[in-house]
Amino acid sequence: MLVEQLGETIRKRRKELRITQPHLAELAGISTNTLYKLERGQGNPSLAVLHKLAEVLGMELIMEVKKN
């Protein structure tokens, strides 16, 4: 569920900025395939990938730790 939400947020922001998927991938230094999968809610992105995308998109990456 979290990956789907991340993907949707990234896709919305990318579209707001009118950036294509290949261009965003290039700017962030990640593969286009990685971005495609992430926006579709698939895969398991690393924190490094999420940080690169957030930086290019002008977003802040905030992590919460939940205790059980």
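Out of the range 44-57, which residues are touching a residue at least 40 places away in the same chain (Cβ under 8 Å) and over 10 Å from the mean Cα position of the chain (by Cα)? Break it down into steps so the answer makes sense when it comes.
The initial filter retains those residues of the range 44-57 that are touching a residue at least 40 places away in the same chain (Cβ under 8 Å), namely 44-45, 50, 53, 57.
Within the range 44-57, just Asn44 meets the criteria.
Evaluate the following for Gly7: is it of a type in the set (Gly, Ala, Ser) and assigned to a loop (DSSP other than H, G, I, E, B)?
Taking the combined requirement at face value, the residue does not satisfy it.
Quick one: Glu64 ticks every box in (1) of a type outside the set (S, T, N, Q); (2) in a helix (DSSP H, G or I); (3) loosely packed, with under 14 Cβ neighbours inside 10 Å bar one, so which box is it?
(2)
In the range 1-49, what residues are in contact with an Asp or Glu (Cβ under 8 Å, 6 or more places away or on another chain) and hydrophobic (A, V, I, L, M, F, W, C)?
Ile10, Ala28
Looking at the range 4-26, which of its residues are farther than 14 Å from Leu61 by Cβ, surrounded by 15 or more Cβ atoms within 10 Å (Cβ to Cβ) and β-branched (Val, Ile, Thr)?
Within the range 4-26, Ile19 is the sole residue that qualifies.
Within the range 12-52, which residues are within 17 Å of Leu2 (Cβ to Cβ) and in a loop (DSSP other than H, G, I, E, B)?
Passing the criteria: Arg40, Gly41, Gln42, Gly43, Asn44, Pro45, Ser46.
For the range 30-43, does any single residue satisfy the condition of being surrounded by 11 or more Cβ atoms within 10 Å (Cβ to Cβ), small (Gly, Ala, Ser) and touching a residue at least 24 places away in the same chain (Cβ under 8 Å)?
Yes: one or more hits.
Readers should treat all values here as calculations from the given coordinates under stated rules, not as data from a laboratory. Note that the structure is a prediction, hence the values are computed from the model and not measured. Note: ideal-geometry Cβ built from the backbone for every residue, glycine included; neighbour counts use all protein chains shown.
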